[in-house]
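The values are calculated or read from the model by the stated rules, or taken from the named source; none is laboratory data. Just so it is clear, the structure is predicted and the values come from calculations on it, not from any experiment. Neighbour counts are summed over all protein chains in view; Cβ atoms, including those assigned to glycine, are modelled from backbone coordinates with ideal geometry. Keep in mind that these areas ignore ligands, DNA and RNA; they rest on the heavy atoms of the full protein, side chains included. Shrake-Rupley method; radii C 1.70, N 1.55, O 1.52, S 1.80 Å.
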Amino acid sequence: MTKSPVWHPFTQHAVQPEATLISKGEGAWLEAADGRRIFDAISSWWVVTHGHRHPHIVKAIKDQIDRLDQVIFAGFTHEPAEKLARHLVEITPPELEYVFFSDSGSTSVEVALKMALGFWQNRGIKRSRILALEGAYHGDTIGGMSVGERGVFNAPYDPLLFDVERIPFPAAGREEVTLDALHVACKRDDVAALIVEPLILGAGGMLIYPASVLAEMKRVCETHDVLFIADEVMTGWGRTGTLFACEQAGIAPDIACYSKGLTGGSVPLAVTLCRADIFDAHYSTDRSKTFFHSSSYTANPVACAAALANLEIWQREPVMERIGSIAALHKDRLTRFRDDRRFANLRQIGTIAALDIVAKDAGYLADIGPRLYRGFLARELLVRPLGNTIYIMPPYCSTTSDLDLVYDAIDELAGEVA
Ligand SMILES: *Cc1c(COP(=O)(O)O)cnc(C)c1O
């Protein structure tokens, strides 16, 4: 076979020479070209909710592409986008009244940041500073990287990234430190917004914090008129046990980003929802106040149809029960490792379970991550540890026996890599 010209994401080609060739997906399983069946324990990078190729979503995509594949979204609109926007406004907090479409989690974050800055600029108020949590991940575009944790991932681009004020992560027992720091930061009169991953930092290591802290962060922002941006790109669509993570804190964000599970994980789509006054700040006969953002495929009709089908699945099928069963199974299976000294920081929220392997060599670039990955793959399991953190974030159609394959593998592999 000739060498592939494909440059893969987050892949060091010098040490990961061969990508597994996948030819089919069905439910919670992938099928490799060589016939192997691989359990997708991380939902293909957190996007697949109801399983690969859910028939209702597949049908919606096929029906839509037969009618309208793509159309410019400035000056034109279409039924799938209109219906989807209405439906999203219905299922999110009543404060969120407008829907802006984009194509990925990163772009939904860029849109959120631009909405926040436009809101203040168009009202003639000088506020442009962004606050973000330490350890956060908000995507790989320049704005997303700027508000995300700095490190080896973005060191070469650091000269391009804008300054952000960091709020310490609310680690257990240190919640007051976070809230005090937020309070102090919000007192500056140039703060436009705080952006957070609600309840759990994803790529930052599956670090969970309590809903009460999230609620308190929102309250502090409100006190100081700082916009609160919830990046629900990963946490949305049931991942944390509720449809959206913010529900557990009983809060309504001013701006919210959703992507990953928005189409059930079938095709790319993202939305940024906002409060009416953010839309209104851009609503003017003065055309310079327009929200100047778009991408070519904004609100692609096929993607919108897939998202509508996803929402119908949430209404028709017992999705919450499935999520509840996975959460209960995680809880139960993690107890097996509770007194095991090979593991630390056992944690779980909704369908996400995580634990750290106790190792001398632990950072993201440590060899333990790729070794574990290869060990799981050899057992026909797709699990991609974040350094020494192993996590499971499966599609909601995963069965007990599927998940037990992963828990058994964790037990075996921890012995091998230690
Ligand atoms: C994945 C993710 C993003 C980026 O989404 P992409 O679709 O990969 O651009 C942003 N924020 C969070 C919290 C994420 O988990």
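Tabulated data for the structure shown
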{"item": "In order through segment 52-62: 3J(HN,Hα) via Karplus (6.51 cos²θ - 1.76 cosθ + 1.60), integer Hz, x for Gly, Pro", "result": "5, 6, 4, x, 5, 6, 4, 5, 4, 5, 5"}
{"item": "Counting DSSP beta bridges with both ends in the chain, the antiparallel % (nearest 5)", "result": "65 percent"}
{"item": "Dimensions in Å of the chain - Rg and Dmax from alpha carbons", "result": "21.4, 67"}
{"item": "Dipole magnitude of segment 318-417, debye to nearest 20 (Cβ charges: Lys/Arg +1, Asp/Glu -1, about Cα centre)", "result": "240 debye"}
{"item": "Estimated FRET transfer efficiency when R0 is 45 angstrom, pair residue 223-residue 2 (beta carbons, to 0.05)", "result": "0.15"}
{"item": "Accessible solvent surface per residue of segment 318-417, calculated while the other protein chains remain in place, 1.4 angstrom probe, Å²", "result": "43 Å²"}
{"item": "Rounded, prolate or oblate (a/c below 1.5 giving rounded, otherwise prolate when a/b exceeds b/c) for segment 212-259 by Cα gyration tensor", "result": "oblate"}
{"item": "Protein accessible area in the chain, 1.4 Å probe - carbon and sulfur %", "result": "54 percent"}
{"item": "Linear extension gain, residue 18 paired with residue 174, 0.36 nm per residue minus alpha-carbon span", "result": "51.9 nm"}
{"item": "Sum of -39500 (n - 2.57) over DSSP H runs of 4+, divided by residues of the chain (222 nm, nearest 500)", "result": "-11000 deg cm²/dmol"}
{"item": "Residues whose placed amide H lies under 5 Å from that of residue 29, excluding near-sequence neighbours", "result": "40, 52"}
{"item": "Over 29 Å between alpha carbons, listed pairs 24/360; 83/114; 114/260; 62/331", "result": "24/360; 62/331"}
{"item": "Trypsin sites (Lys or Arg not before Pro) within segment 133-190, DSSP loop, no more than 16 other Cβ atoms inside 10 Å", "result": "150, 174, 188"}
